[in-house]
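Taking it in order: structure first as structure tokens, then the write-up.
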Amino acid sequence: MRNENGFYFGKNVVSMSSPRDKDLILSPKLTENISLGFDYRSQFIYSQEKDRADFQDMTGSIYLNASISRSIDVLARYDFINSIWEAYGVARILPNDSYIKVGSFVPYFGIRIDDHTSYTKGGDFGLLFSIGTLQGLIYNPLYTEAGIELGANISDWGLITASVGKSKFNASLTTDPTFTSRLEVNSAIDNISYFIGGSFASTKVRAAGKRLNTILYSGFVGIGTQDFSLMGEYDVANDLLAQDIKSNAMMIEASYLLTVGLEAILRYDKFDPNKDIENDELAHLVFGFEFFPYTFIELRPQYRINLEEPSRNNNAFVLQFHFWY
């Protein structure tokens, strides 16, 4: 759910062409206190491995925000493609606009990039290739938790969050809670902005019929100017795929603004399921663009080069379509 600043940024700033100079009234508000949001993503894929092309739904979500007061909001999201939902209340009643969140939501871990095929998220998740094993961390598009989160703003330069909840993705594993925490520091020097931080999570997963007490650590950093940004994340997972196995995942992404509405993107992702075994890593290099031809419309052409030992003909071309409001 986008706030009003996010809505008008998408309407007037990010796109190559928009109705900003016309008398066309667009607003996310249904009433003074209730707002609506929408996201739909699909993609065209050509896979060398499968030697065929296909279209695919990715996600389709409807958002609703009800402002009960100046400091309390109730939000809901329903993904009608994947049949998942979030619903929670946020009360900004703590000092310095800090908040309490209660309900069903995605826990705050690492960098929240919107492409879940990064190995720091869910990896390819069985969408592009025939590999059936886990190809990244647990935070794939289906992952939500029911619980409570506290967020504390540190002056105007930092945010600490901590949550405890029950994973609905692994709901059949245990009644033990999942713990997640995150610290981010962000600021700017002259025209250069930056952020740096880390995350921790303690959760449960199931692998080979066994319940694993999984611990996740994350470190991340980013730097940006008006036209260029660079960010990266490195994660360590203990007992993610099997007991006494340490895995790691990483992501580095650079973007450059070529002109208003068109950015060039380069991303490298890597997942090592077992750091004690050589040549078992999965990695891909993604070249592409983010093109916003008109208000609330985005196209993402990407070419994905997969790097693994032994190498295979499994590169892919992806054209993603994104419509939002």
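Overview of values
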quantity: Qualifying residue in the range 83-98 (condition: among the small types (Gly, Ala, Ser) and surrounded by 19 or more Cβ atoms within 10 Å (Cβ to Cβ)); calculated: no
quantity: Looking only at the range 15-51, and only at residues there that are modelled with pLDDT of 90 or more and β-branched (Val, Ile, Thr), the one that is surrounded by the most Cβ atoms within 10 Å (Cβ to Cβ); calculated: 45
quantity: Which listed residue, of 242, 207, is surrounded by fewer than 16 Cβ atoms within 10 Å (Cβ to Cβ) and at pLDDT below 95; calculated: 242
quantity: Exclusive hit being under 28 Å from residue 286 (Cβ atoms), among the acidic types (Asp, Glu), modelled with pLDDT under 95 and exposed (fewer than 15 other Cβ atoms within 10 Å of the Cβ), set 114, 176, 124; calculated: 114
quantity: Residue within the range 235-252 that is touching a strand residue (DSSP E or B) at 6+ places or on another chain (Cβ under 6 Å), closer than 24 Å to residue 186 by Cα and among the small types (Gly, Ala, Ser) present; calculated: yes
quantity: Test: residue in the range 154-163 that is in contact with a Pro (Cβ under 6 Å, 6 or more places away or on another chain) and more than 21 Å from residue 250 (Cα to Cα); calculated: yes
quantity: Residue match in the range 252-262 (condition: of a type in the set (Ser, Thr, Tyr) and without any contact (Cβ under 8 Å) to a residue 40 or more places away in the chain); calculated: yes
quantity: Residue 104 being modelled with pLDDT of 90 or more and either small (Gly, Ala, Ser) or closer than 27 Å to residue 56 by Cα (or both); calculated: yes
quantity: Number of positions in the range 253-273 that are touching a strand residue (DSSP E or B) at 6+ places or on another chain (Cβ under 8 Å), of a type in the set (Ser, Thr, Tyr) and either closer than 19 Å to residue 219 by Cβ or surrounded by fewer than 17 Cβ atoms within 10 Å (Cβ to Cβ) (or both); calculated: 2
quantity: Yes/no for residue 80 being aromatic (Phe, Trp, Tyr), within 22 Å of residue 138 (Cα to Cα) and surrounded by 14 or more Cβ atoms within 10 Å (Cβ to Cβ); calculated: no
quantity: Condition met for residue 279 (at positive phi, modelled with pLDDT under 95 and out of contact with any strand residue (DSSP E or B) (no Cβ under 6 Å at 6 or more places or on another chain)); calculated: yes
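The values are calculated or read from the model by the stated rules, or taken from the named source; none is laboratory data. Quick caveat, the model's predicted, so the values are computed rather than measured. Glycine also receives a Cβ, built like all others from the backbone with ideal geometry; neighbour counts cover every protein chain displayed.
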